[in-house]
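> Okay, here's the structure, questions in a sec.
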Amino acid sequence: MSDTTPAASRRAARISRGDSLEELAIATGLTVAEIAAAEEPGEPVPEHHVERIEHVLA
């Protein structure tokens, strides 16, 4: 498993901000499960979920 995948980068950005999965879920309007899937390399994630997560993390 590579630490440079987009999923790993999203997870690292969330952690560096100090956000929990629950906090990011509230901020994005997504569920904790949807956030967790977006942080798992190889998981299929709808592009609009990625966009919402990255918008909040930017």
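The values are calculated or read from the model by the stated rules, or taken from the named source; none is laboratory data. Only a predicted model underlies this, so the values are computations on that prediction, with no experimental measurement involved. Glycine gets a Cβ as well: all are built from the backbone with ideal geometry, and neighbour counts include every protein chain shown. Ligands, DNA and RNA are excluded from the accessible area calculation, which covers all protein heavy atoms including side chains. Shrake-Rupley method; radii C 1.70, N 1.55, O 1.52, S 1.80 Å.
> Give me a count of the residues in region 1-10 that are open to solvent by 60 Å² or more (accessible area, probe 1.4 Å), part of a helix (DSSP H, G or I) and charged (D, E, K, R). First the steps, then the outcome.
Going residue by residue through region 1-10, those that are open to solvent by 60 Å² or more (accessible area, probe 1.4 Å) are 1, 3-4, 6, 9.
Now narrow it down to the ones that are part of a helix (DSSP H, G or I): 6, 9.
With charged (D, E, K, R) added as a condition, the list becomes none.
Here the count works out to 0.
> While we're on this one: Which pairs have Cβ atoms under 8 Å, sit 6 or more apart or on different chains, and link a residue in region 39-51 that is at negative phi to one that is exposed (fewer than 10 other Cβ atoms within 10 Å of the Cβ) and not in a helix (DSSP H, G or I)?
Within 8 Å, the pairs are PRO41/MET1; PRO41/SER2.
> How about region 11-38: which of its residues are open to solvent by 50 Å² or more (accessible area, probe 1.4 Å), without any contact (Cβ under 8 Å) to a residue 12 or more places away in the chain and in contact with a helix residue (DSSP H, G or I) (Cβ under 8 Å, 6 or more places away or on another chain)?
Just the residues of region 11-38 that are open to solvent by 50 Å² or more (accessible area, probe 1.4 Å), to begin with: 11-12, 15-18, 22-23, 26-27, 29, 31-34.
Among the residues that remain, those that are also without any contact (Cβ under 8 Å) to a residue 12 or more places away in the chain are: 12, 15-16, 18, 22-23, 26, 31-33.
The answer is GLU22, THR31, VAL32.
> Can you name every residue in region 41-58 that is open to solvent by 50 Å² or more (accessible area, probe 1.4 Å) and not aliphatic (A, V, I, L, M)? Write out each step before concluding.
Step one: of region 41-58, the residues open to solvent by 50 Å² or more (accessible area, probe 1.4 Å) are 42-44, 46-48, 51-52, 54-55, 58.
Correct list: GLY42, GLU43, PRO44, PRO46, GLU47, HIS48, GLU51, ARG52, GLU54, HIS55.
> Can I ask one more? Out of region 21-44, which residues are part of a loop (DSSP other than H, G, I, E, B) and of a type outside the set (A, V, I, L, M)?
The first filter runs over region 21-44 and keeps only residues part of a loop (DSSP other than H, G, I, E, B), leaving 29-31, 39-44.
Matches in region 21-44: GLY29, THR31, GLU39, GLU40, PRO41, GLY42, GLU43, PRO44.
> Shifting gears a bit: If VAL56 satisfies all but one of (1) in a helix (DSSP H, G or I); (2) within 9 Å of the chain's Cα centre (by Cα); (3) in contact (Cβ under 8 Å) with a residue 12 or more places away in the chain, what's the number of the condition it fails?
(2)
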